[in-house]
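The structure appears below as structure tokens.
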Amino acid sequence: MNTVTMRSGSVIPALGQGTWNMGEDPARRQAEIGALQLGIDLGMGLIDTAEMYGEGGAEQVVGAAIAGRREQAFIVSKVYPHNAGKRALRAACERSLQRLGTDRIDLYLLHWRGAVPLSETLDAFQTLKKDGKILDFGVSNFDLGDMLEAEALPGGRAIALNQVLFNLAKRGIEWDLLPWSRKQGMPVMAYSPLESAGRERELLLANPALVAVAQRHGCTAGQIALAWLLRQDGVVAIPKAADPAHVRENRAAADVVLTAFDLEDLDRAFPPPTKRQALAMR
């Protein structure tokens, strides 16, 4: 399993697990817990969640999955923008810690920008880190302009990571945000690496070029799409899987080695950006 090093020096797996839509249906709870535990067994101990997911339900699922094996997990959670003020952020963090059943969050992110000034959020993050409630902090859904603004503020240089929408079909960050992030030594965490469920995912995975590359490697189109992300420096992918077969499929993608021929075919089918684009968001 490849790893990525954050600005703080912490080393994390390049392939983790997402939890969007988990914790919403009690009937699926045990299957979701089992899927996350299998992922940890396979080396995907990085688990991404948020207080927004199932209004805390996903964090509870994660907490059950890591019970008794906290040291094997790297927990990422995200705070709502309206909870990003000095007092509200601490309270939100405490609620997340309780749902997760742990004494610290490894990486705590601002889910997206809101009305609370970034300076206040960064100050609150630094206090939480000093108090040991979180080990690192970062942001999500920040474009280059947002990052430049944040970097100029006190504590901005301590931002460990930016989580954004990035996949073969949505490559806009390659124009400016990704190159800048690499220069800063700041990893990018790609959410929806296989697009969101529904028509967008169907179109991505049915793309003839992607299918052809997958056939050459004897694997699935989804594995090729993940392998394309994982081959890139400073990129972490967090696909969601709620059944054992899907978890194993995702893990196997980390072992796929794409050739220059494969990459040329994928670039023709999914062209890189030729100009600046608005940040894609889900």
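A short reminder: the numbers here are calculations on the coordinates, not readings from a lab. Since we're looking at a predicted model, the values are computed, not measured. FYI the Cβ positions are ideal-geometry reconstructions off the backbone, even for glycines, and counts take in every protein chain you see.
Numerical summary
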| item | result |
| --- | --- |
| DSSP beta bridges in the range 4-153 [antiparallel fraction, %, rounded to 5] | 10 |
| Span from the the range 194-250 Cα centroid across to the the range 124-166 one, whole angstrom | 28 |
| Residue order, fewest to most beta carbons within 10 Å, for L107, L148 | L148, L107 |
| D233-E120 pseudo-label distance in nm [points 7 Å out on the Cα-to-Cβ vector] | 3.9 |
| Packing-based ranking, highest mean first, of 112-122, 164-174 given that Cβ atoms within 10 Å are counted | 164-174, 112-122 |
| Efficiency of FRET between F261 and D41 - r from beta-carbon atoms, R0 30 angstrom, step 0.05 | 0.30 |
| DSSP-defined antiparallel bridges as percent of all bridges, the chain, nearest 5 | 15 |
| Pairwise label distance in nanometres, A212 with E149, each label 7 Å out on the Cα-Cβ vector | 4.4 |
| The range 175-276: relative contact order in percent, alpha carbon pairs under 8 Å with at least 6 residues between | 33 |
| Shape call, the range 35-111: gyration tensor on alpha carbons, a/c limit 1.5 | prolate |
| Cβ-derived FRET efficiency at R0 30 Å, S10 paired with R248, nearest 0.05 | 0.65 |
| Hydrodynamic radius by Kirkwood, which averages 1/r over all alpha carbon pairs of the chain, in angstrom | 19.0 |
| Once the Cα gyration tensor of the range 223-282 is diagonalised, semi-axes √(5λ) in Å | 23, 17, 10 |
| Förster radius 25 Å - calculated FRET efficiency between K130 and A91, Cβ distance, rounded to 0.05 | 0.90 |
